[in-house]
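The values are calculated or read from the model by the stated rules, or taken from the named source; none is laboratory data. Just so you know, these numbers come straight off a predicted model, no measurement behind them. Because the Cβ atoms are built from the backbone with ideal geometry, glycine has one as well, and the counts that use them run over all protein chains shown.
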Amino acid sequence: MPNNAAVQAEIDARRAALIKLRRVRTPYDSPEILNLGYTSADVARKDFYRAVTARRKATEAEVADYREEQNEILESLLDTYLPIALGADGDAPDPKVAKLVLETLERQAKVNGWEAALKAELSGPGGGGIPVRAETLNELRNLIRTAGDPDEDEDDLPGDTDGDPDDDGDNA
């Protein structure tokens, strides 16, 4: 059962004071913290955890609301200007509007966290990194042989009449 408003206000005030004391590294077993109404340091720790968790959830909710509001604004702009930028209705595309649309899409990616770069790494035998540089054909074949043939079943497909053993159409 949820607490009434007076009890919740008292809990919020106690937690705010606890957080203020912890920010200056006051130990949980100090008299200042125990005088807030905690019976032990462990109870204060648990309440601090609850307070931090509640603040994190409130912050996440605020961020979600902000993202939703921003996405609505950005979508409205895109609905208006994207057809102009692409030259819909037989008009010529407008480069200035296209730039605006691109900036709007970039802003939307930032708001939603989509702009993070993907980092990819090639790994060799034993999981170590491979320096990528121009290699001779034989060194490349040795590397592929080490990694294994990804298409082992292509060599004997029925109906293979081009004489290409790997069936990728390049006759090499």
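Miscellaneous remarks
- The number of residues in the range 1-25 that are of a type outside the set (A, V, I, L, M) and surrounded by 15 or more Cβ atoms within 10 Å (Cβ to Cβ) comes to 3.
- Candidates 65, 29, filtered to the one that is of a type in the set (D, E, K, R) and either farther than 19 Å from residue 113 by Cβ or touching a His at 6+ places or on another chain (Cβ under 9 Å) (or both): 29
- Options 131, 158, 150; residue that is at pLDDT below 85, within 30 Å of the chain's Cα centre (by Cα) and surrounded by fewer than 12 Cβ atoms within 10 Å (Cβ to Cβ): 131
- Within the range 1-103, helices (runs of 4 or more DSSP H) holding 2 or more residues that are in contact with a helix residue (DSSP H, G or I) (Cβ under 8 Å, 6 or more places away or on another chain) and in contact (Cβ under 8 Å) with a residue 40 or more places away in the chain: 41-86
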